[in-house]
Ligand SMILES: Cc1cc2nc3c(=O)[nH]c(=O)nc-3n(C[C@H](O)[C@H](O)[C@H](O)COP(=O)(O)OP(=O)(O)OC[C@H]3O[C@@H](n4cnc5c(N)ncnc54)[C@H](O)[C@@H]3O)c2cc1C
């Protein structure tokens, strides 16, 4: 099965989740051909990265108007490419862009859509996949007949390690953007919490829950995250209370994270929270209730008062990262 991968990129770098889509396409191709589609202005550094990322051919739509992401333009260009090339499947990562483009292109062309899927396989003349449902408590298996292009958004799982390959050839695809009837224009884009780091990409995430009691106490969590070079995330009640922005919320109705280390401080471990943290490599939970459900999932359980443990951890992290006495600072 030939799957065309949509290669999302930001600031000249491939979106890490694209690597998972490439792996999924490779599995579907069973040693066969894997092309990837990139929309970019001429000379984007992401094109070179994509060439060496385990694909056999880079199909590039190059236009200065593609420098800024626009859901309508991007989706219409992708739909035109799908219409022209008829791949068996079109795979996007299940990111904000993929969630725009996949459904838009599928609806525009009347094609089947499988969203937020993993474990893609070909069985007979069907494409099958798995989806997490009910806050990841269950998995459902879905199947769509092959024949028309199946549009898939590939679930983000883990950290998206890149494949490496010799540079693939690049082919320019000429798409007449003027002919697409684009009616929207991107007036500007803002990155939420610029400078504070993206919880979905961070290596170390310190999560805080209702156990923090008062927003004025959040400084101890900020301090720990800073000492560890990590970022702060939270459970949903803190967002509902307006103590933290939604961009920090982890869980079923928030964001899925996949850090090397997740430290949950004063978080009980409701199913909806756990749904967002299963991709973490190591989970450390600090909770004063020995029966807190989070202890059923974590790798390291600290049954203690977070107001004692968190500052002590911060002090220890600072001590270890401080240059030894006598060294040049
Ligand atoms: C449709 C739906 C979607 C949802 N989506 C999400 C979601 O995306 N993300 C999410 O997080 N939740 C979500 N929830 C809410 C979820 O069900 C829980 O209510 C929520 O996760 C609880 O947050 P918490 O653990 O911070 O608070 P609590 O459950 O109140 O837990 C606080 C914990 O702190 C501990 N604690 C208190 N004081 C201390 C102390 N001094 N030291 C150490 N520990 C202490 C307590 O023992 C307790 O375990 C959703 C719910 C619904 C219905």
**Asked** Is one or more of the residues making up segment 245-264 within 13 Å of the ligand (Cβ to nearest atom), more than 16 Å from residue 200 (Cα to Cα) and touching a strand residue (DSSP E or B) at 6+ places or on another chain (Cβ under 9 Å)?
**Response** no
**Prompt:** Is it the case that some residue within segment 196-208 is in a helix (DSSP H, G or I) and under 28 Å from residue 21 (Cα atoms)?
**Reply:** no
**Message:** Exactly one of these conditions fails for residue 184: (1) within 14 Å of the ligand (Cβ to nearest atom); (2) touching a residue at least 12 places away in the same chain (Cβ under 8 Å). Give me its number.
**Reply:** (1)
**Message:** Among the residues of segment 267-275, are any touching a strand residue (DSSP E or B) at 6+ places or on another chain (Cβ under 9 Å) and modelled with pLDDT under 95?
**Reply:** yes
**Message:** Would you confirm, using the coordinates I've provided, whether residue 277 is crowded, with 23+ Cβ neighbours inside 10 Å, within 10 Å of the ligand (Cβ to nearest atom), in contact (Cβ under 8 Å) with a residue 40 or more places away in the chain and within 15 Å of residue 221 (Cα to Cα)?
**Reply:** no
**Request:** Could you please find all residues in segment 276-300 being closer than 21 Å to residue 213 by Cβ and in contact with a strand residue (DSSP E or B) (Cβ under 9 Å, 6 or more places away or on another chain)?
**Result:** 284, 285, 286, 287, 288, 289, 290, 292, 294, 295
**Message:** Quick check on my filter: what residues within segment 97-133 are part of a strand (DSSP E or B), more than 20 Å from the chain's Cα centre (by Cα) and surrounded by fewer than 16 Cβ atoms within 10 Å (Cβ to Cβ)?
**Reply:** 121, 123, 126
**Request:** Six or more apart or on different chains, Cβ under 7 Å: which pairs go from a residue in segment 285-300 that's closer than 16 Å to residue 205 by Cα to one that's assigned to a loop (DSSP other than H, G, I, E, B) and more than 10 Å from the ligand (Cβ to nearest atom)? Could you list them?
**Result:** 285/298
**Message:** Among the listed residues 39, 59, 4, 28, identify the single one that is surrounded by 15 or more Cβ atoms within 10 Å (Cβ to Cβ), closer than 16 Å to residue 91 by Cα and without any contact (Cβ under 8 Å) to a residue 60 or more places away in the chain.
**Reply:** 39
**Prompt:** Taking segment 111-133 only, how many residues are free of Cβ contacts under 8 Å to residues at least 12 places away in the same chain and closer than 19 Å to residue 82 by Cβ?
**Reply:** 0
**Fill in**
Quick count over segment 226-244, residues being crowded, with 18+ Cβ neighbours inside 10 Å and within 14 Å of the ligand (Cβ to nearest atom), is 9
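Residue-by-condition table, conditions (1) under 26 Å from the mean Cα position of the chain (by Cα); (2) within 9 Å of the ligand (Cβ to nearest atom):
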position: 282; (1), (2): yes, no
position: 291; (1), (2): no, yes
position: 310; (1), (2): no, yes
position: 315; (1), (2): no, no
**Prompt:** Just checking, how many residues over segment 134-148 are in contact (Cβ under 8 Å) with a residue 40 or more places away in the chain, surrounded by fewer than 16 Cβ atoms within 10 Å (Cβ to Cβ) and touching a strand residue (DSSP E or B) at 6+ places or on another chain (Cβ under 9 Å)?
**Reply:** 0
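The values are calculated or read from the model by the stated rules, or taken from the named source; none is laboratory data. Quick caveat, the model's predicted, so the values are computed rather than measured. Here the Cβ is made from the backbone with ideal geometry for all residues, glycine too, and neighbour counts use every protein chain on show.
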